[in-house]
Amino acid sequence: MKDDELELWRSQWHSQPSVPLDLIRRVERQTVYMRLAWIPQILPALIGVATIVGAAITQSLPWIFLALGTLVALAMSWRFMIKNRRGIWAPAAETTAAYLELSIERCRRRLQEIRFASVMMVLLLVFVLVADYAILKSEGGLKTPEDRLAVVAAFSFATVVVSVVLMFQDWKRRKTRAELAYLLNLQRECGESVQNEMR
């Protein structure tokens, strides 16, 4: 951000209802991203339906275990998403301070989301690997050495994919923390500037 933008935000901190256009655009862009974040939830829902169908067709204990575990994970994820997004859809007022506070709270919630997603990813990886192994074993899919080698290769690939996603999550975490630190500093500077003007 440029120094002249900082000065503009400082001047409009509490004194006017007018909010800098770039701050409004930033918040609106984040709102669009928050809405779009629900679209990728369709895939896990389809996977949940597929596991239920698999459990209904096979009626085997490993498939039922997989279906129930998938539904529990989906319910936990959706509950977290709804709760984590509550109260951060719009600023409390049309002031620079309110828009800045909203941006700060969104950063904090994004950090919570990253932490939750990272933990869930690891738990789901372990759960799916155990459930898939049980399904393959119960259906006789691990009889030959080639079958076992294919399973090890598939499980290794899944672990590598999750590891790459976790590295991306770590990058997002660092970027969000830097943004949060910047916004908190900006809030402090703007607040101090207003207090000095009022003296």
*Which ones in region 138-169 are surrounded by 13 or more Cβ atoms within 10 Å (Cβ to Cβ), under 24 Å from Ser60 (Cβ atoms) and either touching a residue at least 24 places away in the same chain (Cβ under 8 Å) or of a type in the set (Ser, Thr, Tyr) (or both)?*
Ser138, Phe155, Ala158
*Any idea how many residues of region 65-95 are within 30 Å of Ile135 (Cα to Cα) and either in contact (Cβ under 8 Å) with a residue 24 or more places away in the chain or polar (S, T, N, Q) (or both)?*
10
*Exactly one of (1) of a type outside the set (Gly, Ala, Ser); (2) farther than 30 Å from Thr51 by Cα; (3) touching a helix residue (DSSP H, G or I) at 6+ places or on another chain (Cβ under 7 Å); (4) modelled with pLDDT under 90 is unmet by Cys107. Its number?*
(4)
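To keep it simple, each residue is scored yes or no on (1) touching a helix residue (DSSP H, G or I) at 6+ places or on another chain (Cβ under 7 Å); (2) farther than 18 Å from Arg35 by Cβ; (3) not charged (D, E, K, R).
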position	(1), (2), (3)
Met76	no, yes, yes
Phe80	yes, no, yes
Arg86	no, no, no
Phe116	yes, yes, yes
Gly141	yes, yes, yes
Thr144	no, yes, yes
Leu149	no, yes, yes
_Which listed residue is at pLDDT 90 or above, out of contact with any helix residue (DSSP H, G or I) (no Cβ under 6 Å at 6 or more places or on another chain) and loosely packed, with under 15 Cβ neighbours inside 10 Å, from Ala93, Ala50, Ala45_ = Ala50
*Considering only residues that are in contact (Cβ under 8 Å) with a residue 24 or more places away in the chain and small (Gly, Ala, Ser), look in region 44-64 and name the one that is farthest from Met121 (Cα to Cα).*
Ser60
*Select from region 29-64 the residues that are touching a Leu at 6+ places or on another chain (Cβ under 9 Å) and of a type in the set (A, V, I, L, M, F, W, C) and list them in ascending order.*
Ala45, Ile47, Ile52, Ala55
*Could you say which residue among Leu124, Leu100, Leu166 is in contact with a Ser or Thr (Cβ under 7 Å, 6 or more places away or on another chain) and modelled with pLDDT of 90 or more?*
Leu166
*In region 118-163, how many residues are in a loop (DSSP other than H, G, I, E, B) and among the polar types (S, T, N, Q)?*
1
_Can you go through Ala75, Ala93 and tell me which one is under 18 Å from the mean Cα position of the chain (by Cα) and of a type in the set (A, V, I, L, M)?_
Ala75
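The values are calculated or read from the model by the stated rules, or taken from the named source; none is laboratory data. Everything quoted here is computed from the prediction, not taken from an experiment. Note that each Cβ is placed from the backbone with ideal geometry, even for glycine, and that neighbours are counted across all protein chains shown.
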